[in-house]
Amino acid sequence: MEHHNLEKIFQDKIDQEIKIEPRDWMPDAYRKTNLRQISQHAHSEIVGMLPEGNWISRAPSLKRKAILLAKVQDEAGHGLYLYAAAETLGQSREQMIEDLHSGRAKYSSIFNYPTLTWADMGAIGWLVDGAAIMNQVMLTRTSYGPYARAMVRICKEESFHQRQGFEVLLVLSKGSDAQKAMCQDAINRWWWPALMMFGPRDGESTNSDMSMKWKIKRKSNDELRQQFVDMIAEQVKLLNMTLPDEKLRWNESKKHYDFGEINWDEFWQVVKGNGPCNKERLAARKKAWEEGRWVREAASAYAAKQKQKQQAA
Amino acid sequence: MTNASLIDFTLYLADSTLVLGQRNGDWCGHGPVLEQDIAITNVTLDLIGQSRSFYQYAAKLIGNGCTEDQLAYWRNEREFKNALLCERPNGDWAQTILRQTFFSFYQRELFTQLLHGADTTLSAIAEKSLKEVRYHCRWSSEWVCRLGDGTQESHERMLAAVENLWPYVGELFEPAPYEKALQIDTDAIKINWMDAISALFAEATLPPASLTTTFMQTGGKNGQHTEALGYLLAELQYVQRSYPGCEW
């Protein structure tokens, strides 16, 4: 079949809301964009285990320790689904991991910020998972079938995480003065990085136009960011805390909250690798992978021996 | 059977599972491969869950509004009764796996005894935990085989792990006063445990080990630990102790 025909069939499917499946013909750029985005998403889940993992040993109660462990473990599970979804586009998990370690592949910049107090476990759940959900709910309807289906499973767990995070902060907000101060401090530190999670302003986002046409994305960065601000500006009242933005106020004519300007210089610096924890996060992932090499080799050697024995028997 | 012995024994079970869970928890996010990161965190979650059941029971026996967190976060290194094996550092994957195998095999024997014991609460916790422990035994012993009979490097690392951890297994079978009071048959546990470990070592192409030729370290069950425990507790307890009397 001629190329422009294939492309027309492909775009017709997209327009009719029919999911694209791994064996379907797809434009190279569609495959590449999905692969880049899904693998980046998978890496974000895995690198994202590190800042929260930082508090497992120090969780302030046994119940919180168990909840945090389960949460970080969920992220590992999300990473697995997503690597599997990305593999359907023709790249192995090992290759994706190597791309992460070499810096060719990215992960969400939010995980380059440090977790300094216990309250950060609440702020991450509420703000970071909250921001991620905005994007992920949209992605449950993304055009690539395996990605959309992975997202449905992930979203269920993520909304649970967000409630847990809010609950951590709620307890702190009703606690001692020191706990309240810890709670406000965490919100102050995570608010702006959470807003940055939606990416550059619409005019400056390079990958957006085709992604919208192909229904990989269905809402623009700024639309999602606004939706998030509107939600959090209400929820923060329940905590009796404030968001660190003097320009934040309800705009009756727009029916949205106005908010201040993101520090875009900081945004691009962290993307380029100059955030507070970029080096540590990548180093931790590389270390786990390198130190695990002999384990993985032993497992394959053992499996091969077992197979040989079975064949001999 | 005195109440004090029952409390001490319950704390021994609680402290051992908490301390091992605390150690394993450090692997979360750092495992050798994603599937195993998830698997060891499952084991960790089970251990923390078991420790909570034991602490909650101990707290009930102690009374006066005592809670699981008071017992976990406000007792010092000389009060903790965990087996020394549980506090040994993670080392590499071979050490972590072998430590888990030794402990899970021990738990399987001990909890099977508790099923038929006089204390109905401990029986109930043991029954629930045994389902988890059987899985831990299977998962960790599969890894002992993979590493023991994998590559030359993994085999050598397993040998090093055995050498490092073997001096800490003897304590499991030395009855503390509270175990004697509760008539725990540590000899029977020892025989079954040694049989199972010997079979596993043979399958994993590891040389046979003997309980009689190694000088065994003891003391954990009675609150005398290795230097490693103080640091573990300092980290585990620091938030609670920095902000006393708070809800979390």
Within the bounds of segment A:101-122, is there any residue that is among the charged types (D, E, K, R), more than 10 Å from every other protein chain (Cβ to nearest Cβ) and surrounded by fewer than 19 Cβ atoms within 10 Å (Cβ to Cβ)?
yes
Kindly provide the set of residues from segment B:169-202 that are buried (at least 18 other Cβ atoms within 10 Å of the Cβ) and closer than 19 Å to B:Gly148 by Cβ, ordered by number.
B:Val169, B:Trp193, B:Ile197, B:Leu200, B:Phe201
Residues of segment B:19-34 being over 19 Å from A:Ser44 (Cβ atoms) and within 7 Å of chain A (Cβ to nearest Cβ), in sequence order, are B:Gln22, B:Gly25, B:Asp26, B:Pro32
Would you confirm, using the coordinates I've provided, whether B:Leu172 is in contact with a helix residue (DSSP H, G or I) (Cβ under 9 Å, 6 or more places away or on another chain), away from chain A (no Cβ under 12 Å) and assigned to a loop (DSSP other than H, G, I, E, B)?
no
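From A:Ala42, A:Ala66, grab the single residue that is free of Cβ contacts under 8 Å to residues at least 24 places away in the same chain and part of a helix (DSSP H, G or I).
A:Ala66
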Residue that is most open to solvent (accessible area, probe 1.4 Å) [pool: residues in segment B:101-143 that are within 14 Å of chain A (Cβ to nearest Cβ) and under 17 Å from the mean Cα position of the chain (by Cα)]:
B:Glu132
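One line per residue, one yes/no per condition, for (1) part of a helix (DSSP H, G or I); (2) not acidic (Asp, Glu):
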residue	(1), (2)
B:Thr112	yes, yes
B:Leu122	yes, yes
B:Glu163	yes, no
B:Lys180	yes, yes
B:His225	no, yes
Here is a list: A:Gly199, A:Gly175. Which entry is of a type outside the set (Val, Ile, Thr), open to solvent by less than 20 Å² (accessible area, probe 1.4 Å) and not in a helix (DSSP H, G or I)?
A:Gly199
Can you go through B:Thr205, B:Thr213 and tell me which one is open to solvent by 40 Å² or more (accessible area, probe 1.4 Å), among the polar types (S, T, N, Q) and under 30 Å from A:Gln306 (Cβ atoms)?
B:Thr205
Just one of the numbered conditions (1) open to solvent by less than 20 Å² (accessible area, probe 1.4 Å); (2) part of a loop (DSSP other than H, G, I, E, B); (3) more than 14 Å from every other protein chain (Cβ to nearest Cβ) is not true of A:Met138; which one?
(2)
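Looking only at residues in segment B:144-169 that are free of Cβ contacts under 8 Å to residues at least 60 places away in the same chain and within 18 Å of the chain's Cα centre (by Cα), which one is farthest from the other protein chains (Cβ to nearest Cβ)?
Per the criteria, the residue is B:Pro167.
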Enumeration of residues in segment A:260-313 that are aromatic (Phe, Trp, Tyr), in contact with a Ser or Thr (Cβ under 8 Å, 6 or more places away or on another chain) and more than 10 Å from chain B (Cβ to nearest Cβ)
A:Phe267
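Condition test on B:Asp8, is it open to solvent by 30 Å² or more (accessible area, probe 1.4 Å), out of contact with any His (no Cβ under 9 Å at 6 or more places or on another chain), facing another protein chain (nearest Cβ under 10 Å) and in contact (Cβ under 8 Å) with a residue 40 or more places away in the chain? I'd like the intermediate steps shown before the answer.
Details: open to solvent by 30 Å² or more (accessible area, probe 1.4 Å): yes; out of contact with any His (no Cβ under 9 Å at 6 or more places or on another chain): yes; facing another protein chain (nearest Cβ under 10 Å): no; in contact (Cβ under 8 Å) with a residue 40 or more places away in the chain: yes.
No; evaluated as a whole, the condition is false for this residue.
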Filter segment A:1-36 down to the residues that are in contact with a Leu (Cβ under 9 Å, 6 or more places away or on another chain) and of a type in the set (S, T, N, Q) and list them by number.
A:Asn34
All positions within segment A:78-90 that are facing another protein chain (nearest Cβ under 10 Å) and free of Cβ contacts under 8 Å to residues at least 40 places away in the same chain
A:Gly79, A:Leu80
Within the group B:Ala59, B:Ala39, B:Ala83, which residue is away from chain A (no Cβ under 12 Å) and of a type in the set (Gly, Ala, Ser)?
B:Ala83
With the requirement that a residue be more than 8 Å from every other protein chain (Cβ to nearest Cβ) and either surrounded by 23 or more Cβ atoms within 10 Å (Cβ to Cβ) or in contact with a Leu (Cβ under 9 Å, 6 or more places away or on another chain) (or both), what does segment A:53-70 give you?
A:Trp55, A:Leu68
How many residues does segment B:51-95 hold that are assigned to a helix (DSSP H, G or I), free of Cβ contacts under 8 Å to residues at least 60 places away in the same chain and either under 30 Å from A:Arg293 (Cα atoms) or polar (S, T, N, Q) (or both)?
3
Expected single match for assigned to a helix (DSSP H, G or I) and of a type in the set (Gly, Ala, Ser) among B:Ala188, B:Ala209 is B:Ala188
Could you please find all residues in segment B:144-161 being assigned to a helix (DSSP H, G or I), open to solvent by 20 Å² or more (accessible area, probe 1.4 Å) and closer than 23 Å to B:Ala199 by Cβ?
B:Arg146, B:His155, B:Glu156, B:Arg157, B:Leu159, B:Ala160
Quick test for you: out of A:Glu87, A:Glu75, A:Glu94, pick the one residue that is among the acidic types (Asp, Glu), buried (at least 18 other Cβ atoms within 10 Å of the Cβ), modelled with pLDDT of 95 or more and more than 24 Å from A:Leu195 (Cα to Cα).
A:Glu87
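The values are calculated or read from the model by the stated rules, or taken from the named source; none is laboratory data. All values derive from a computational prediction rather than experimental measurement. Cβ coordinates were reconstructed from backbone atoms using ideal geometry, including for glycine residues, and neighbour counts include every protein chain displayed. When the accessible area is computed, the model is the full protein with side chains, heavy atoms only, and any ligands, DNA or RNA have been set aside. Shrake-Rupley method; radii C 1.70, N 1.55, O 1.52, S 1.80 Å.
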